[in-house]
Every structure is written in structure tokens, then in C-alpha cells.
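The values are calculated or read from the model by the stated rules, or taken from the named source; none is laboratory data. A quick note: this is a predicted structure, and the numbers were derived from the prediction, not measured. A quick note on method: Cβ atoms are made from the backbone with ideal geometry, for glycine too, and the neighbour counts reach across all protein chains shown.
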Amino acid sequence: MFTGLIQKIASIENIKKKTAKSSGLELSVLADSKFLSEIEVKDSISVNGVCLTVTNKDPLKNQFSFDVGPTTLQKSTIGFLKEKDFVNLELALKASDRLGGHFVLGHVNALVEITNILSIGEHYDFWIKIPQKYYPYIISEGSVALDGISLTVSEWKHSEGLFKVSIIPHTFDNTNLQFKKVGDHLNLEVDVLAKYVENFKIFKK
């Protein structure tokens, strides 16, 4: 489980198939020694909002790796990543940590598109287009995770399937949002509490 508070931006060092017949990929990430010192093999880490398991660690190269299966490649933006791309990283939540964001599971619900980016002084408004099936989970002032970032919906245009998130300078400067442009896709995870409420409503009928 995660909070959606990004701890590190890191670059993809290598993407390769482990074997010629493999349907998945091995993803290697370059990180500084301090961040790497907090990681152990088998740890869960949020990579752009996707919960992945560390399968290898190489302190001499300041790298750690993940095995990514075909389902994850199909259902998230992990399959679009290229070497030297930057990703958001967050270590799994400790029981003693402050919960500054919201509960993020690292289970991506949908790929969503950035339709507009507006610069307002040092702040930015990102408009996001979502599939209709996820409309019930979006409310103004509600929580969403985009590429693993815990954000608040500041405006929701239900009729258009568009919602806006307002990005403060700190979030912009310390996440991969600074590299995004209109037309790019992000990983969306809706608030798990909203999913349970909607599920309860369906089965109560």
C-alpha cells in the first residue's frame, strides 16, 4: 500500500526481455545510493502508480530491477516506457508513516489522456479524459492517483468525462508531470473507498 506522495524521480536504464520466448520485460531503474539503500529484493515499489516487486538490486551500478508481466504491460503505461524515460517512485507505506496523501494500492484501473495543460503562474491545471465506466468514482474534491501521485479533483465535467487536477509547484518539480504534454497517457487509480461504495450500491439493489 502507498500514499501517493512521490519520493523520487528516476530514469529507466534498461528494458529487455529476460528470454527470447518471454512475454514480459525486465525493467531496470537507475537511482541514487541513498534511495537504493532503502530497497531490498522482494520489496514492493510504486512505479508510476503500478505496484511492482523488486527482483534484483545492483548497488555497484545504482540499479534495481523488476519483472513486468504481460497483463501489467497491457493495462498500464509501463508498456509505453522507453530507456531514459523518467518514472515516479514511492516505497511501500510503513505502519509508522504519516498518511499525507490517500490510500493508493498500486492497482491501475485505466489509462487516461491529458487533454489540456494550463499554466497559471507557477501552478498548472491538468485536464484528464477518462473512460465512462469510471465516472461513478470521480467527484469534485475527491481523491485520485495519476501515475502514482495523490491528487485532488478540483473540477469534474461529468457530461464531457473530463476532470481537472491543480498542480502546485512542488508537485510539478518533483514528479514526472514536468515532462508530460497534451496527448500523453497516465495511469489512473480511483479511490478504493469509492469503488467499495459503488460496489455496495450495485449489490444492494
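Assorted remarks:
- Single residue of V54, V50 found to be over 12 Å from the mean Cα position of the chain (by Cα) and β-branched (V, I, T): V54
- Residues in segment 1-35 that are closer than 17 Å to G79 by Cβ, touching a residue at least 60 places away in the same chain (Cβ under 8 Å) and in contact with a Phe, Trp or Tyr (Cβ under 7 Å, 6 or more places away or on another chain): V29 only.
- Looking only at segment 4-35, and only at residues there that are farther than 19 Å from D85 by Cβ and not basic (K, R), the one that is modelled with the lowest pLDDT: A20
- For Y137, the conditions (1) hydroxyl-bearing (S, T, Y); (2) modelled with pLDDT of 95 or more; (3) in contact with a helix residue (DSSP H, G or I) (Cβ under 8 Å, 6 or more places away or on another chain) are fulfilled apart from (2).
- Matching residues in segment 1-53 - criterion: being surrounded by 13 or more Cβ atoms within 10 Å (Cβ to Cβ), farther than 12 Å from L89 by Cα and hydrophobic (A, V, I, L, M, F, W, C): M1, I15, L25, L27
- Being among the aromatic types (F, W, Y) and closer than 28 Å to A194 by Cα holds for only one residue in F35, F66, F2, and it is F2.
- Some residue of segment 66-76 being exposed (fewer than 12 other Cβ atoms within 10 Å of the Cβ) and either in a strand (DSSP E or B) or of a type outside the set (A, V, I, L, M, F, W, C) (or both): yes
- Residue in segment 135-182 that is farthest from D85 (Cα to Cα), counting only those that are surrounded by fewer than 19 Cβ atoms within 10 Å (Cβ to Cβ) and of a type in the set (S, T, Y): S159
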